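Quick notes on the structure that follows.
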Amino acid sequence: MKFCIITHTKHHLSNNEMFAYAPYVREMNLWLKHVDEVEIVAPKTQNNSLIFKAYKHDDIKLTEVDSFSLLGILACFKTLFILPKVLYKIYKAMKQAGHIHLRCPGNMGLLGCIVQILFPDTPKTVKYAGNWNPNAKQPWSYKLQKRILSNTTLTKNCSVLVYGEWPKQTKNIKTFFTATYFEIEKEPIKERDYSNTLKFVFVGTLFKGKQPLRAIQLVEDLVKSGREASLEIYGEGDQRDSLVKYIKLKHLSDYIILKGNQSAEVIKNAYNTSHFLILPSKSEGWPKVVAEAMFWGCIPITTPVSCVPWMLDYGKRGFIIDSKFKLESIVENTKHLKNMSHLASAWSRTYTLDKLELEIKKLLF
């Protein structure tokens with residue numbers, strides 16, 4: 001079977017290997033174990049990164065397309081010039097494919113949604129990694145992708161994999177999940193002591209939508225209230241400089257530490273030794289860092305976006321926060337926190353890479 005992937009994820013070629021964002025590649029390698037040939041239609045980047053990982057497949061090809069954007073008049077004009085070539089490359093790859101796999105939402109996903117209409121008989125899967133909540137406020141391009149994918153007249157022979165359970169969905173919309181760890185990686189959960197210094201962790205891109213500053217301010221307020229606490233921040237992004245300035249201005253460097261991008265092993269250790277994960281994000285699909293933290297008994301503190309309330313069993317496996325939330329309100333009931341940690345871990349550990357691979361095989365065959 002020739003497997004065609006349409007994605008906006010940027011790829012890097014080095015020493016006859018193809019690299020891309022590690023969590024994405026880790027999942028895609030499970031799909032690629034069961035196919036003969038792979039063609040990826042995606043943008044290319046010259047930058048390799050610590051958070052990049054190599055694909056594992058003997059017959060894999062990258063069909064490079066130019067990056068494009070639909071934000072701003074100038075960007076739209078530029079897109080008009082390159083669009084025919086991008087569409088042709090997508091069409092050509094789909095025509096030769098035995099299975100089409102779209103990664104949505106995104107600009108490439110939008111084009112893939114449109115072109116796949118021309119191939120009603122080709123088996124397809126769509127991994128919609130964004131927020132599927134029908135009531136969410138989203139860009140028009142995201143809404144258009146969701147409408148096309150939900151229309152079983154336009155989108156045929158296709159399983160659309162979404163995060164969370166939502167009412168009144170068409171028959172091709174299927175609740176799905178993602179995973180980070182294999183069964184063999186399970187280790188006993190470390191018992192936390194919630195009565196002493198509390199360790200918080202933030203993992204994610206440092207940009208406005210993830211609200212890393214709010215994570216800092218939550219811990220800052222907790223320390224001001226008299227509780228000993230620390231926060232480690234893992235990730236990079238355009239907010240880094242402003243966060244550094246805030247930490248210096250407020251004299252927080254003793255307990256707020258920017259760690260930058262780190263390996264999966266370092267992140268795993270951070271989850272395993274922290275009491276809480278803070279993710280005050282404005283938008284998510286399946287927030288992998290939440291599921292990862294829960295896997296190690298690290299209690300998530302996060303906003304009610306996308307499928308997060310469902311993941312946290314509406315507050316039983318973690319804390320769902322609003323704009324008025326204060327950490328002081330949750331840290332005193334140590335017995336409750338220990339129980340919540342165990343519930344979080346038990347739920348997350350049902351979603352392993354082993355289970356994910358079994359579900360992928362069902363979709364492919």
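The values are calculated or read from the model by the stated rules, or taken from the named source; none is laboratory data. The model shown is predicted, which means the values in this text are computed figures rather than measured ones. Reconstructed Cβ throughout: ideal geometry from the backbone, glycine too, with neighbour counts over all protein chains shown. These area figures cover heavy atoms from the full protein model, side chains too; ligands, DNA and RNA do not enter into them. Shrake-Rupley method; radii C 1.70, N 1.55, O 1.52, S 1.80 Å.
Here are the numbers for this structure:
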{"read-out": "Criterion violated by V41 - all others in (1) under 17 Å from L111 (Cβ atoms); (2) part of a helix (DSSP H, G or I) satisfied", "value": "(2)"}
{"read-out": "Pairs where the first residue, in the range 313-341, is touching a residue at least 12 places away in the same chain (Cβ under 8 Å) and closer than 12 Å to L222 by Cα and the second is among the hydroxyl-bearing types (S, T, Y) and part of a loop (DSSP other than H, G, I, E, B), C-beta under 7 Å, 6+ apart", "value": "E328/S225; V331/Y194"}
{"read-out": "Within the range 178-220, considering residues that are of a type in the set (S, T, N, Q) and touching a helix residue (DSSP H, G or I) at 6+ places or on another chain (Cβ under 8 Å), the one nearest to I256 (Cα to Cα)", "value": "S195"}
{"read-out": "When residues of the range 48-78 are limited to those that are over 26 Å from the mean Cα position of the chain (by Cα) and assigned to a loop (DSSP other than H, G, I, E, B), the one surrounded by the most Cβ atoms within 10 Å (Cβ to Cβ)", "value": "D59"}
{"read-out": "Criterion: over 13 Å from L327 (Cβ atoms), out of contact with any Phe, Trp or Tyr (no Cβ under 9 Å at 6 or more places or on another chain) and open to solvent by less than 60 Å² (accessible area, probe 1.4 Å) - qualifying residue of L206, L279", "value": "L206"}
{"read-out": "Breaking point among (1) in contact with a Ser or Thr (Cβ under 8 Å, 6 or more places away or on another chain); (2) over 21 Å from F176 (Cα atoms), for E292", "value": "(2)"}
{"read-out": "Single condition E37 does not satisfy, out of (1) surrounded by 13 or more Cβ atoms within 10 Å (Cβ to Cβ); (2) more than 23 Å from N261 (Cα to Cα); (3) within 22 Å of the chain's Cα centre (by Cα)", "value": "(3)"}
{"read-out": "Residue identified as over 22 Å from the mean Cα position of the chain (by Cα) and either more than 20 Å from P287 (Cα to Cα) or not polar (S, T, N, Q) (or both) among P139, P134, P123, P105", "value": "P123"}
{"read-out": "Qualifying residues in the range 79-96 (those that are surrounded by 14 or more Cβ atoms within 10 Å (Cβ to Cβ) and among the basic types (K, R)) - the one farthest from A42 (Cα to Cα)", "value": "K92"}
{"read-out": "Within the range 225-245, tally of residues that are of a type in the set (G, A, S), part of a loop (DSSP other than H, G, I, E, B) and surrounded by 13 or more Cβ atoms within 10 Å (Cβ to Cβ)", "value": "2"}
{"read-out": "Failed criterion for P304 (all others in (1) within 16 Å of the chain's Cα centre (by Cα); (2) surrounded by fewer than 16 Cβ atoms within 10 Å (Cβ to Cβ); (3) at positive phi hold)", "value": "(3)"}
{"read-out": "Odd one out for A20, checked against (1) in a strand (DSSP E or B); (2) open to solvent by 10 Å² or more (accessible area, probe 1.4 Å)", "value": "(2)"}
